[in-house]
1. Accessible surface of K131 in the full protein assembly, 1.4 angstrom probe, to the nearest 10 Å²?
2. Identify, among P194, G266, N207, the residue whose Cα sits farthest towards the positive end of the charge dipole of segment 192-279, taking +1 on the Cβ of Lys and Arg and -1 on the Cβ of Asp and Glu, with the dipole about the Cα centre.
3. With every protein chain kept in the model, how would you rank E89, E120 by accessible area, 1.4 Å probe, largest at the top?
4. Place a +1 charge on the Cβ of each Lys and Arg in segment 147-257 and a -1 charge on the Cβ of each Asp and Glu, then give the dipole magnitude about the Cα centre in debye, rounded to the nearest 20.
5. Leaving ligands and nucleic acids out of the surface, order T167, T286, T311 by accessible area at 1.4 Å, largest first.
6. Would you check the accessible area of R160, probe 1.4 Å, heavy atoms only, in square angstrom rounded to 10?
7. Relative to the Cα centre, what is the charge dipole magnitude of segment 175-219, using +1 at the beta carbon of each Lys and Arg, -1 at the beta carbon of each Asp and Glu, and rounding to the nearest 20 debye?
8. Compute the length gained on full extension between I190 and D175: take 0.36 nm times their separation in residues and subtract their Cα-Cα distance, giving the result in nm to one decimal.
Amino acid sequence: MALVHKLLNGTYILRKCLKPSVASCPFLGTRSADYCSSSLEKPAAAPGKASSQRKTEGNLEGHHQREVALDITSPEDKPEVSFDKAIKEEIKDHFRRLKNDIVNHWIGPEGRPLHEVLREQAKVVWQFRGKEDLDKWIVTSDKAIGGRSEVFLKMGKSNRSALLYGTLSSEAPQDGESDRSGYCAMISKIPRGPFERKRFYDWSQFNTLYLRVRGDGRPWMVNIREDMDIIQRKDQMYSYFMFTRGGPYWQEVKIPFSKFFFSNRGRIRDAQYQLLLDKISSIGFTLADKVDGPFFLEIDFIGVFTDPAHTEEFAYENSPELSPRLFK
């Protein structure tokens, strides 16, 4: 009788258990049933803690919503990218530049009246007053063939000049092919017109190259290239030496065009030809004096002018044996 009373009492308590799986086990005791019931019930928090918890949850939800709003861009805010529109704008820009070129051609050379151009005695072709002037140049070194020379180009103090600097190393690359190395160069980019047509500098009315530089006493080679549309002429150039004095003072360098000698693939040719000044494509400066160590060259401007005292047309002799086509 006592056993029946105990079982009935346990069953009555189990009916209060919230979990059906626990209620389906009538042989669990009172303590087990109370434990199941209490574990399933959510503990009641204090009023102060409950309000702070709700506030914290609200802040977290708001922060999460702000992050989602920042990460996800609405379709209206997405930038519209149209390939066809970009091509049309590019073509319009080229036609606009072509129109300006045609108008300038009818006015005169470079859009100026012809009488002004003919009276011009000096002209600044390149000057360095900002980053856009540096973008017209490229620098290169023997790193292109595995060497260790380094060269950099930046604006000088107060943005009034260009500073070419670096380190020269004559150590030959370990590639089994090259036995010589050690050069750094700065070369002007070929100017481009509408539809990427090549443009050229016409210096036919001038006879002297004019530079204002400041160096560290190293000798440089000044290289001038003509029109390179013909593949056989891509390695041809006209060169002359430029000796820097070193020290803090600027020097003005004047090199007559008649002094530039002809070379091909870096070798001076026996047959010398005169530099044609009506189709100049680029100018460059090369350092290759085989003296390892740091260097610098600061350039203010590069220009051309007419020296009335210089009457020499060509500084080098030719003969029918060396240049037969010149004596036909």
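The values are calculated or read from the model by the stated rules, or taken from the named source; none is laboratory data. In this text, all values refer to a predicted model and were calculated from it rather than measured experimentally. Heads up, the Cβs are rebuilt from the backbone with ideal geometry, glycines too, and the neighbour counts pull from every protein chain shown. Ligands, DNA and RNA are stripped out before the accessible areas are found, and what is left, the full protein with its side chains, is counted by its heavy atoms. Shrake-Rupley method; radii C 1.70, N 1.55, O 1.52, S 1.80 Å.
1. For K131, solvent-accessible area is about 140 Å².
2. Positive-most Cα among the choices belongs to G266.
3. My answer, sorted largest first, is E89, E120.
4. 640
5. If we order T167, T286, T311 from most to least accessible, we get T311, T167, T286.
6. Ignoring ligands and nucleic acids, R160 comes out at about 140 Å².
7. 400
8. 2.2 nm
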